[in-house]
1. The conditions are (1) surrounded by 14 or more Cβ atoms within 10 Å (Cβ to Cβ); (2) more than 16 Å from ligand 3 (Cβ to nearest atom); (3) hydroxyl-bearing (Ser, Thr, Tyr), and SER204 fails exactly one of them. Which is it?
2. What's the total number of residues in the stretch 146-200 that are in a helix (DSSP H, G or I), open to solvent by less than 10 Å² (accessible area, probe 1.4 Å), more than 16 Å from ligand 4 (Cβ to nearest atom) and touching a strand residue (DSSP E or B) at 6+ places or on another chain (Cβ under 7 Å)?
3. Please find, among GLU214, GLU208, the residue that is free of Cβ contacts under 8 Å to residues at least 12 places away in the same chain, within 29 Å of LEU259 (Cβ to Cβ) and within 16 Å of ligand 1 (Cβ to nearest atom).
4. What number of residues within the stretch 201-241 are among the small types (Gly, Ala, Ser) and either assigned to a loop (DSSP other than H, G, I, E, B) or under 20 Å from the mean Cα position of the chain (by Cα) (or both)?
Amino acid sequence: AKKAGRNLFRVFSTDMAHLLSERLELESDLREALELGEFELFYQPQLLIDTGELIGLEALLRWRRPGRGVVMPAVFIPVLEETGLIDGVGEWVLRAACSQYVSWCKAGLRPPRIAVNVSGRQFLQTGFSESVSRILRDQDAAPTAFQLEITETVLARDTRHCIDTLRSLRALGLEIALDDFGTGYSSLSYLKRFPIDVIKLDRSFVSECHLKEEDAAICAAVISLGRTLGLKTVAEGVEESTQLEFLQREGCLACQGYLFSPPKSAHETAELLRERSCL
Ligand code: C2E
Ligand code: CA
Ligand code: CA
Ligand code: CA
């Protein structure tokens with residue numbers, strides 16, 4: 001038993017050492033990724049439920065890690081946040097979304113509004129709205145062509161400061177979406193306190209809204225609340241037509257999900273825009 005215990009310990013510590021070195025390598029690769037130009041934005045369409053009109057594209061970050069293919073945000077966003085690297089990457093995301101929008105316009109395409117995810121840390125920084133304004137001005141991009149997605153947990157920290165930041169951003173002309181709505185705390189009071197334009201109904205409610213009464217009730221309540229408060233509601237993670245039918249019956253404005261399209265590269269998204277502008 002003693003021997004077995006020792007072996008177990010050896011296996012365990014080898015695994016731990018392996019994990020630790022993986023993590024250190026991830027971190028050091030991430031430190032260089034921005035400079036080496038390894039980040040890329042993919043875009044996922046948002047469609048009006050009633051007409052199918054393309055009303056938005058959500059920009060989603062990808063990392064082309066040499067020798068490892070495309071790495072998803074779930075793997076590296078937490079590390080960017082813990083290390084503070086998210087500040088630089090977040091700013092890059094805004095610039096990249098802006099310059100993509102401008103270059104699509106120059107190519108004669110008519111992109112819809114682009115929704116950009118903003119991390120809590122980035123949003124709470126002093127001077128965030130000024131930096132957004134500067135980035136847009138640098139590239140001559142219309143603020144009305146952009147939406148920022150923030151999560152409700154961000155708003156829990158410094159109410160006064162958050163309200164001021166949201167007001168400045170909206171005064172510039174940007175739209176604000178509350179992402180992952182319903183997954184945090186005190187969602188309802190947030191809708192009243194914070195100046196926002198859009199609620200994004202979280203995938204965790206949408207994915208079984210056609211199967212479970214509780215999820216259906218939550219979706220219906222959020223959609224109806226949004227309408228009453230004059231907010232747009234976008235359902236995320238729509239994968240099946242029965243979900244779409246349910247959302248349409250409940251009066252949800254727009255949706256996004258694999259049913260229509262997964263997030264795609266800028267190149268593939270341009271094809272979509274080209275098809276649409278030829279219709
Ligand atoms: P999110 O903002 O909730 O983004 C939606 C996620 O759901 C995306 O995952 C998208 O690919 C995925 N998705 C879309 N439709 C479907 C569907 O029908 N079914 C399923 N199962 N999933 C669907 P992704 O791209 O892996 O991004 C994950 C999260 O990483 C995002 O969640 C967001 O919180 C974060 N993220 C992505 N890009 C950025 C960024 O540029 N900045 C920051 N701060 N966070 C980002
Ligand atoms: Ca989002
Ligand atoms: Ca979301
Ligand atoms: Ca989500």
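The values are calculated or read from the model by the stated rules, or taken from the named source; none is laboratory data. Please read all numbers here as calculations on a predicted model, not as lab measurements. Glycine also receives a Cβ, built like all others from the backbone with ideal geometry; neighbour counts cover every protein chain displayed. Areas reflect the complete protein model, heavy atoms only, side chains present, ligands, DNA and RNA absent. Shrake-Rupley method; radii C 1.70, N 1.55, O 1.52, S 1.80 Å.
1. Among (1) surrounded by 14 or more Cβ atoms within 10 Å (Cβ to Cβ); (2) more than 16 Å from ligand 3 (Cβ to nearest atom); (3) hydroxyl-bearing (Ser, Thr, Tyr), SER204 violates only (2).
2. 2
3. Just one listed residue meets the conditions, GLU208.
4. Filtering the stretch 201-241 for residues among the small types (Gly, Ala, Ser) gives 204, 207, 216-217, 220-221, 224, 226, 230, 235, 237, 241.
Imposing the further condition that a residue be either assigned to a loop (DSSP other than H, G, I, E, B) or under 20 Å from the mean Cα position of the chain (by Cα) (or both) reduces the set to 204, 207, 226, 230, 235, 237.
Number of matching residues: 6.
So that you can scan it fast, the table gives a plain yes or no per residue for (1) within 18 Å of THR144 (Cα to Cα); (2) out of contact with any helix residue (DSSP H, G or I) (no Cβ under 7 Å at 6 or more places or on another chain); (3) of a type in the set (S, T, N, Q):
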site: PHE76; (1), (2), (3): no, no, no
site: GLN100; (1), (2), (3): yes, no, yes
site: LEU109; (1), (2), (3): yes, no, no
site: VAL118; (1), (2), (3): yes, no, no
site: THR126; (1), (2), (3): no, yes, yes
